[in-house]
Each structure stands twice: as structure tokens, then as C-alpha cells.
1. How many of the residues in the stretch 99-119 are in a helix (DSSP H, G or I) and not basic (Lys, Arg)?
2. So is TYR54 touching a strand residue (DSSP E or B) at 6+ places or on another chain (Cβ under 6 Å), modelled with pLDDT of 95 or more, of a type in the set (Phe, Trp, Tyr) and away from ligand 2 (no atom under 11 Å from the Cβ) or not?
3. Filter the stretch 192-221 down to residues that are at pLDDT below 95, aliphatic (A, V, I, L, M) and within 20 Å of CYS345 (Cβ to Cβ), then give me how many there are.
4. Do you know which of the residues in the stretch 327-344 that are within 11 Å of ligand 1 (Cβ to nearest atom) and out of contact with any strand residue (DSSP E or B) (no Cβ under 7 Å at 6 or more places or on another chain) is farthest from ASP415 (Cα to Cα)?
5. Which members of the stretch 1-44 meet the condition of being of a type in the set (S, T, N, Q) and within 16 Å of ligand 1 (Cβ to nearest atom)?
6. Going through GLY28, GLY33 one at a time, which residue ends up being without any contact (Cβ under 8 Å) to a residue 12 or more places away in the chain and either part of a loop (DSSP other than H, G, I, E, B) or among the small types (Gly, Ala, Ser) (or both)?
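The values are calculated or read from the model by the stated rules, or taken from the named source; none is laboratory data. Just so it is clear, the model here is predicted, and its values are computed rather than measured. Neighbour counts run over all protein chains shown; Cβ positions are idealised from the backbone, glycine included.
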Amino acid sequence: MIFRDAAYQQCIHPDCGAQFGIEQVVTGCNICGSLLDVKYDWNQAGTPTDWSYYQNKWGRRYAPLNFSGIWRFHELLPFATPEHVVTVGEGQTLLQQADFVSKYVGMDTGNLFLQYEGMNPSGSFKDNGMSAAFTHAHSVGAQRAACASTGNTSASLAMYCAVSQLMKAVIFIGSGKIAYGKLSQALEYGALTVQIAGDFDDAMKRVQEVCRELGIYLVNSINPFRLEGQKTIMFRVLEQLGWEVPDWIVVPGGNLGNSSSFGKAFIELKQLGLIDRVPRLAIINAAGADTLYELYENRGVRWNGGHIDRNVLQSYYDELDTSNKKASTIASAIEINRPVNFDKCLRALDFCDGVVRKATDQQILDAKAKVGIGGIGCEPASAASVAGAKMLREQGIIASSDRVVCILTGHQLKDPTATVAYHTTDQDKFNEVLGVRGVSRANFANRAVAVSNSLDEIIKAIKLYG
Ligand SMILES: *Cc1c(COP(=O)(O)O)cnc(C)c1O
Ligand SMILES: [Zn+2]
């Protein structure tokens with residue numbers, strides 16, 4: 001099969017719609033400044049419209065492209081020729097029926113599923129998108145790739161550079177919170193790590209300037225190829241449900257790449273006839289970084305066929321500037337006030353009849369504790385999905401009989417500081433130790449039991465607490 005002749009890039013603005021070749025490196029429309037989509041002529045690509053075609057590849061998983069949870073679906077993102085594909089076996093993830101968490105959320109037994117994207121090689125869902133963007137970067141001959149990151153994007157980029165030895169990684173991080181698990185990966189994988197005095201939103205702005213100036217390939221999710229890889233998270237969710245569409249997908253929202261890519265996945269699957277109905281989408285912001293929530297739920301901003309009310313956006317961002325309001329949450333992966341994929345996310349919310357909610361740090365950490373005690377665990381940002389599902393259940397928007405999939409975006413070991421602090425810190429020191437506000441107590445803390453070094457005392461303690 002010849003890929004990529006059938007693929008092109010297109011501006012998402014309905015009044016512009018400018019097209020760009022698949023080999024062009026343009027992270028935004030250079031005519032109107034809107035975001036770009038990767039688009040396909042499915043007929044020309046010869047994309048099979050029967051799930052069994054994709055399913056059958058698993059039996060031939062000795063071939064690396066069939067083993068990869070991204071490239072097993074190559075025909076659904078046919079922009080790259082196979083010899084350019086860079087894979088490290090990403091996408092071997094699990095959809096786990098989680099009855100313990102289901103009870104916490106208030107669902108009927110058997111109806112809540114956790115999609116463990118932390119099982120990716122660098123420990124977060126970012127590998128889905130990075131494999132795709134890195135493949136595009138490689139196919140256009142890039143020598144260096146860069147990103148701004150709250151941690152996981154940089155860990156992923158650094159890993160792909162290290163494993164493939166095809167490019168040098170340049171990563172931009174802010175001077176605030178970065179979870180140690182993530183920073184340690186970037187450093188160990190040998191990425192050039194630039195720490196700027198500012199937050200993620202500042203780093204995001206700078207990295208775009210630097211990439212333009214120095215001709216470095218940008219791999220943030222503003223890059224439309226990232227989103228192509230992230231579509232496959234939805235393909236694997238469907239695969240693990242026997243190709244049945246769930247009622248809800250619940251996902252944390254930061255830069256809104258994931259939610260945008262899920263929307264695009266469902267738009268395309270519906271077009272291709274691979275699904276006949278679409279799940280509803282719930283995007284969960286952190287309360288301390290709630291731009292999408294504020295604009296969508298309170299100020300009524302909608303996709304509106306691509307004619308988004310820019311005045312409302314502008315006045316909101318002006319307010320942020322005037323009050324010097326910075327994003328602040330324990331869920332550092334979604335500590336973002338200016339999400340780059342905002343427009344595409346509105347399109348996804350429109351197509352999937354979506355809702356947006358915001359979860360406090362208290363709700364996030366309590367949900368994270370429940371995810372951990374009931375299974376494999378996740379990092380704080382990921383637990384926003386479970387906290388959000390619980391909220392929507394309490395509001396009667398999700399029914400207890402609905403089938404709900406919460407996306408756990410990152411691995412539990414990414415941010416051990418938050419976890420250990422939750423379980424060990426005294427209540428009155430909590431906010432100080434975690435560098436947050438508004439967490440009043442660790443409702444599900446599992447405290448270590450201190451005993452003297454004596455067999456009697458140890459046995460007594462085990463009998464008492466066990
Ligand atoms: C990047 C990230 C997010 C946010 O995803 P977006 O696509 O930027 O909305 C959420 N959770 C984790 C663990 C992440 O690394
Ligand atoms: Zn345009």
C-alpha cells in the first residue's frame with residue numbers, strides 16, 4: 001500500500017481551508033493562523049473499513065508495525081511511508097474494568113473502565129502522539145526536535161530521540177512544578193533541557209519562537225501529527241470493548257490535544273462506517289487551570305461550525321493578563337491556562353455532545369487514592385478523569401447504567417512526591433508541603449505505622465492494624 005499520497009494538511013477554519021503538502025513543516029496555517037488538520041482521501045489510501053483487518057495484524061506481531069498500538073492502525077493515519085515509522089512498541093495499554101473505582105464513582109458494577117495509558121514506554125499517553133510526530137519529523141529529515149513541557153511530552157520526546165538516535169531533543173520547562181519522575185527521564189535520556197524563568201504558558205510561547213528562528217521541528221500538540229497518533233487511544237478502547245462504542249469517554253484537559261484527537265477519531269470512524277454511534281465526551285479541567293470550563297460552560301463559547309466567538313476568548317485572556325492569573329494545581333500535567341488546541345477541542349465537544357467540568361485538587365487527590373487502592377494507579381492529572389466522572393454521576397448527567405471509560409493519562413510513578421505527601425503529611429502542613437491551596441485533608445491516606453524495633457511491638461501492631 002502506498003501511503004501519504006492520499007494525505008495532506010488543511011487549515012481548520014471554514015472560511016480559509018488552505019491546504020498544505022504532507023511534507024511541509026507548518027505547525028499552523030500561515031494564511032489565517034488557525035490550527036491544521038491532517039486529512040486523508042480514504043479511497044485513495046485504500047483504508048479498510050472492517051475492524052477484523054486491524055485485529056488480524058495482532059497475529060503477525062513479530063513485525064514491529066503490527067506490534068505497535070499506534071501503527072497497527074496505520075491505515076487510519078496513513079500519512080507516513082512504513083520505512084519512516086519510528087516505533088518503540090508504544091500503545092500496549094490496558095482497558096481495565098475497575099469495580100472498586102466504579103463504586104466510588106457511583107456506577108453499577110462492571111460499567112466503569114480505566115484506560116491505563118501510563119503503561120506506555122515513557123509512562124504516559126504522550127508516546128502515542130510522539131511516535132506519530134517523530135515519524136513525521138524523521139520523514140522530513142529533521143535533525144532536532146523541541147517541545148515545551150510540563151514533563152511528559154519532554155520525557156517522551158527525549159526517549160524517542162535516545163532510542164532511535166535520529167534526532168537531538170531540546171526541551172523547555174518552566175521554573176515551577178515539574179514532577180521528578182518526568183524530569184529524571186529527560187535528563188537521563190540526554191535531552192538538552194532549557195529551564196526558563198516562567199510557567200508552562202511562557203515556555204510554550206518561547207519554544208514556538210525558537211523553533212521558527214532556528215528551524216527546529218516542534219512536537220507540541222499544536223503539531224497536527226501528534227493528534228493522529230493519539231487517535232489510536234480510542235481505537236484501542238473500542239478494540240478492548242469488542243468494537244462496541246461506550247457511552248462516555250472522560251479525559252483530563254490541559255493543552256486539549258487528547259480530547260481534540262478523540263473527537264477527530266470519532267468523526268473519521270463515523271465517516272468510514274467503522275462505528276454507527278458516537279460516545280459523549282467529558283473533559284475535566286483542574287479548578288486552578290479552568291480556561292476551557294470557564295469559556296465553554298460559563299461563557300457559552302461553542303464551535304459554531306468553526307466560527308468561534310473570538311471576542312469572548314480575547315476578553316477572557318485579557319482578564320487573565322490584567323489580574324496576572326497563573327495556572328495553579330497539584331495536577332501539574334494540566335496546569336495550563338492557554339490551551340493551544342482550544343479550537344479543535346470545541347469541535348470535538350460539538351461532535352461528541354460534550355461537557356466540561358473542573359475538579360479541585362482535593363477531589364483529584366482523593367480520586368487518585370481510590371484509583372491506586374483499586375488498581376494500577378496514576379499520576380494526579382490522570383485522576384481528574386475519575387473525579388470528573390464522579391461529579392457527573394452525582395449531577396445525574398452520567399447514569400449508573402452507562403458504560404464509562406476514564407483515561408488514565410500517566411503512570412503512578414511519575415509524581416511520587418504528590419503520592420507520598422498525600423499519605424504521610426499532617427493535615428495542617430498539607431498545602432505547604434504540596435505547594436497547593438485548598439486541600440483540607442487526605443481522605444483516604446494510608447499512613448505508615450511507626451513501631452520500635454521489637455518483635456513484640458511489631459506483632460502487636462500487625463494484629464491491631466491488619
Ligand atoms: C499532557 C498530559 C495531560 C494533558 O493532555 P492534553 O492533551 O494536553 O489535554 C494530562 N495528563 C497527563 C499525565 C499528561 O501528561
Ligand atoms: Zn487558514
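1. Taking the stretch 99-119 and keeping what is in a helix (DSSP H, G or I), we get 99-105, 117-119.
Within this subset, residues satisfying the condition of being not basic (Lys, Arg) are 99-102, 104-105, 117-119.
Final tally of qualifying residues: 9.
2. On the way: touching a strand residue (DSSP E or B) at 6+ places or on another chain (Cβ under 6 Å): no; modelled with pLDDT of 95 or more: yes; of a type in the set (Phe, Trp, Tyr): yes; away from ligand 2 (no atom under 11 Å from the Cβ): yes.
No; evaluated as a whole, the condition is false for this residue.
3. Count: 1.
4. LYS344
5. Pass one, the stretch 1-44, residues of a type in the set (S, T, N, Q): 9-10, 19, 24, 27, 30, 34, 43-44.
Answer for the stretch 1-44, where residues must be of a type in the set (S, T, N, Q) and within 16 Å of ligand 1 (Cβ to nearest atom): just THR27.
6. Criteria check complete, one pass: GLY33.
Matching residues to (1) in contact with a Pro (Cβ under 6 Å, 6 or more places away or on another chain); (2) more than 23 Å from ALA142 (Cβ to Cβ); (3) at pLDDT below 95; (4) buried (at least 20 other Cβ atoms within 10 Å of the Cβ):
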site	(1), (2), (3), (4)
GLN44	no, yes, yes, no
ARG61	no, yes, no, no
ARG72	no, yes, no, yes
THR81	no, no, yes, no
VAL85	no, no, no, yes
GLY91	no, no, no, yes
GLN96	no, yes, no, no
LEU114	no, yes, no, yes
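Results for (1) out of contact with any Ser or Thr (no Cβ under 9 Å at 6 or more places or on another chain); (2) part of a loop (DSSP other than H, G, I, E, B), shown as yes or no for each residue.
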| site | (1), (2) |
| --- | --- |
| PRO121 | no, yes |
| MET130 | no, no |
| ALA142 | yes, yes |
| ALA146 | yes, no |
| THR153 | no, no |
| SER156 | no, no |
| MET159 | no, no |
| LEU166 | yes, yes |
| GLY176 | no, yes |
